[in-house]
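Novice: Mind looking over this structure? Questions follow.
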Amino acid sequence: MSSPAPDPADAVPESARLYRRRLSRLLLGLLCSWLLMLLPLPWSLLSGIAGVITAVLLVMLVIAAWSDGRPVMAVVTGLVGLPAVLMIVLGSVTGLLFYGPMSELETCRDDALTQQAQDSCKDEVQNSVVSWMEGLTGS
């Protein structure tokens with residue numbers, strides 16, 4: 001007795017396998033970027049680098065889906081992936097711009113024991129940001 005021949009309808013095309021592999025890499029990049037965002041400064045700034053790498057993966061995936069004749073998949077991937085990547089990269093850029101005040105806040109919160117002390121840390125950082133912005137604008 002021989003085994004039955006595989007059904008050609010069950011076989012997954014190579015392009016679908018390649019798309020799935022690229023999508024897995026994109027999701028892994030997004031996950032790594034998100035996890036890096038959760039780390040304290042300065043390590044959370046690495047999420048920007050991971051976000052840029054993920055953006056490159058996103059563009060490659062959208063181009064591959066479009067050229068493979070799957071425009072709906074390309075559009076859906078772009079509409080879901082682009083806001084996520086932009087949020088990660090812009091969050092990292094914002095963290096870089098406000099690195100001084102944010103690191104002060106993290107240090108102060110680490111040393112604060114009570115809620116009142118944490119609230120005073122927040123107030124000090126807000127004042128620091130306001131004075132920093134006034135220094136930039138010359139007001």
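The values are calculated or read from the model by the stated rules, or taken from the named source; none is laboratory data. No experiment lies behind these values; they were computed from the predicted model shown. Here the Cβ is made from the backbone with ideal geometry for all residues, glycine too, and neighbour counts use every protein chain on show.
Novice: Does GLY135 qualify as being at pLDDT below 90 and not in a helix (DSSP H, G or I)?
Specialist: no
Novice: Please go through (1) assigned to a helix (DSSP H, G or I); (2) within 30 Å of SER15 (Cα to Cα) for GLY69 and return the number of the only condition it doesn't satisfy.
Specialist: The number of the failed condition is (1).
Novice: Looking at the range 98-131 only, could you name the residues that are surrounded by 11 or more Cβ atoms within 10 Å (Cβ to Cβ) and either acidic (Asp, Glu) or in contact with a Gly (Cβ under 7 Å, 6 or more places away or on another chain) (or both)?
Specialist: Within the range 98-131, MET102, GLU104, GLU106, ASP119, GLU124 meet the criteria.
Novice: Tally time: how many residues in the range 70-97 are over 13 Å from the mean Cα position of the chain (by Cα), surrounded by 14 or more Cβ atoms within 10 Å (Cβ to Cβ) and under 22 Å from ARG17 (Cα atoms)?
Specialist: Summing the residues that are over 13 Å from the mean Cα position of the chain (by Cα), surrounded by 14 or more Cβ atoms within 10 Å (Cβ to Cβ) and under 22 Å from ARG17 (Cα atoms) in the range 70-97 gives 5.
Novice: Would you call SER44 in a helix (DSSP H, G or I), under 10 Å from the mean Cα position of the chain (by Cα) and modelled with pLDDT of 85 or more?
Specialist: No, not satisfied.
Novice: To continue, here is another question. If we keep just the residues of the range 56-111 that are of a type in the set (Ser, Thr, Tyr) and touching a residue at least 12 places away in the same chain (Cβ under 8 Å), which is farthest from GLY29 (Cα to Cα)?
Specialist: Restricting to residues being of a type in the set (Ser, Thr, Tyr) and touching a residue at least 12 places away in the same chain (Cβ under 8 Å), the top hit is SER103.
Novice: Oh, and also: From the list ALA84, ALA55, ALA65, which residue is more than 30 Å from LEU41 (Cβ to Cβ), touching a helix residue (DSSP H, G or I) at 6+ places or on another chain (Cβ under 9 Å) and among the small types (Gly, Ala, Ser)?
Specialist: Numbers: ALA84 fails: more than 30 Å from LEU41 (Cβ to Cβ); ALA55 fails: more than 30 Å from LEU41 (Cβ to Cβ).
Matching residue, one of ALA84, ALA55, ALA65: ALA65.
Novice: Only one of ALA9, ALA50, ALA5, ALA64 is at pLDDT 85 or above and either outside any helix (DSSP H, G or I) or closer than 30 Å to LEU105 by Cα (or both); which?
Specialist: That would be ALA50, the only listed residue that is at pLDDT 85 or above and either outside any helix (DSSP H, G or I) or closer than 30 Å to LEU105 by Cα (or both).
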